[in-house]
Every structure is written in C-alpha cells, then in structure tokens.
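The values are calculated or read from the model by the stated rules, or taken from the named source; none is laboratory data. Computed from a predicted model, the values in this text were never measured in an experiment. Cβ sites come from the backbone with ideal geometry, for glycine too, and all protein chains shown count toward neighbours.
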Amino acid sequence: MKKLGVSILLFCMLAIPCATVAQQADNSDVPDKADVLKFLDLMQARSQMVQAVENMSKQMKLGAEQGFKQKVPDATPEQLAKVDKLFDNLFSSMPIDEMMDAIVPIYQKHLTKADLAAMMAFYSSPVGQKVLKELPAILAESMQAGGEIGRKVFAERSQQLDQQVTELEKEQGKQR
C-alpha cells in the first residue's frame with residue numbers, strides 16, 4: 001500500500017509539469033509582440049524603467065557615500081564627489097531599449113491575450129490611470145524606505161565582518 005502511494009505521488013509529480021508544458025505549447029493565446037509593446041506603452045514602462053534606474057542610482061550613491069564616510073570619517077567634499085561620480089557613470093548608459101526588448105518574451109510567457117486585454121482595460125480606466133500616476137512616487141518612496149533598511153543592515157553586517165576579519169588576522173598571527 002505504501003509503495004502504491006509513493007508511485008501515485010511520483011506519477012503526479014511527473015505528470016503535472018508535462019500537462020503544464022502541454023498547455024504552454026498552445027501558442028494561439030500568446031500575445032504578440034505588438035500587443036505587449038502596446039501594453040508596456042500604456043504602462044509607461046520606458047519612463048518607469050528610467051525612473052527606477054535613477055532611484056537605484058540615488059540609493060546606491062547614498063549607500064556608497066555613507067559607507068565611505070564610515071571608512072573615512074573626515075572625507076572631503078571632493079572625495080565624496082568622486083564617490084558620487086563613480087555611480088553617475090555606472091548607470092548613465094543603461095540600455096533601456098534592450099531591457100524593453102528583453103521583457104517582451106517574459107510577458108508572452110506568463111500572460112495570455114485575454115490577460116493582457118483585461119489589464120489594458122483596467123489601466124485605461126480612471127482607477128488604473130491613478131495607479132499609473134501614483135506608481136512612480138510609490139516606487140520611489142518604497143526604494144527609499146528599503147534603501148534605509150538595507151544601509152542599516154549593511155552597516156551592522158559590515159561591522160560584524162570587520163570584527164571577524166580582525167579576529168581571523170589575530171588567529172593567523174598566533175599560528176606563525
């Protein structure tokens with residue numbers, strides 16, 4: 001009886017992914033590239049990506065600046081400006097068009113034509129337009145809140161790592 005239960009469980013584990021692949025193989029309900037791009041345009045995805053990259057850059061700059069100040073407490077404004085400049089160059093050449101092209105197949109993989117049509121109907125409605133209007137502020141504030149938490153955790157972990165490295169160095173010195 002126990003073997004039968006295990007066999008049935010094993011069959012289900014193997015059959016479910018096969019059924020899922022069979023469902024995904026039906027391309028008749030896969031949105032075409034033009035539909036996805038139309039949806040992404042409605043969602044203002046390009047400007048959202050640009051905003052996200054800018055917000056990420058700001059948060060990383062802030063974190064790098066704070067980390068640098070911890071390592072160099074009497075940092076000069078010129079030194080801090082050099083730290084900022086490192087991150088300016090890092091994000092200035094993000095290939096937004098390439099990123100947009102890369103996400104089209106992801107939408108095609110996860111959404112049907114009907115899903116996309118329903119989402120377009122929602123985001124075309126007054127409530128959907130409000131969500132789109134408020135989304136950049138929501139994301140920026142969320143990134144700021146998350147960035148503060150991340151910097152706090154990084155600072156704590158950085159101190160712990162520094163202490164552990166110092167202890168390892170001391171142990172290494174005793175062994176010589």
When restricted to M56, M99, M94, the only residue touching a residue at least 40 places away in the same chain (Cβ under 8 Å), under 15 Å from Q44 (Cα atoms) and under 23 Å from the mean Cα position of the chain (by Cα) is M99
Examine segment 40-60 for a residue that is out of contact with any His (no Cβ under 6 Å at 6 or more places or on another chain), farther than 30 Å from F154 by Cβ and among the basic types (K, R), and state whether such a residue exists. yes
From the list P126, P73, P95, which one is over 24 Å from L37 (Cα atoms) and exposed (fewer than 15 other Cβ atoms within 10 Å of the Cβ)? P73
It is to be established whether one or more residues within segment 161-171 are over 25 Å from the mean Cα position of the chain (by Cα), surrounded by 12 or more Cβ atoms within 10 Å (Cβ to Cβ) and part of a helix (DSSP H, G or I). yes
What's the number of the condition E65 fails, among (1) in contact (Cβ under 8 Å) with a residue 24 or more places away in the chain; (2) in contact with a Leu (Cβ under 8 Å, 6 or more places away or on another chain); (3) not hydrophobic (A, V, I, L, M, F, W, C)? (1)
I need the full set of residues from segment 104-115 which are surrounded by fewer than 14 Cβ atoms within 10 Å (Cβ to Cβ) and either under 17 Å from the mean Cα position of the chain (by Cα) or not in a helix (DSSP H, G or I) (or both), in order please. I106
Counting only residues that are closer than 30 Å to A114 by Cβ, give me the helices (runs of 4 or more DSSP H) lying completely in segment 22-92 with at least 1 of them. 33-42, 45-71
Scan segment 55-64 and tell me whether some residue there is at pLDDT 85 or above and of a type outside the set (G, A, S). no
Can you run down the residue pairs with Cβ atoms below 6 Å, 6 or more apart or on separate chains, where the first is in segment 128-156 and without any contact (Cβ under 8 Å) to a residue 40 or more places away in the chain and the partner is not charged (D, E, K, R)? G128/F122
Just checking, does segment 12-24 include any residue being at pLDDT below 85, within 30 Å of Q160 (Cβ to Cβ) and either in contact with a Lys or Arg (Cβ under 8 Å, 6 or more places away or on another chain) or among the hydrophobic types (A, V, I, L, M, F, W, C) (or both)? no
Sort out which residues of segment 116-125 are within 19 Å of L135 (Cβ to Cβ) and assigned to a helix (DSSP H, G or I), and write them in order of number. L116, A118, M119, M120, A121, F122, Y123, S124
Looking at E134, is it loosely packed, with under 15 Cβ neighbours inside 10 Å, at negative phi and assigned to a helix (DSSP H, G or I)? yes
With the structure loaded, tell me whether D84 is farther than 16 Å from D41 by Cβ, at pLDDT 95 or above, surrounded by 14 or more Cβ atoms within 10 Å (Cβ to Cβ) and not basic (K, R) or whether it fails that test. no
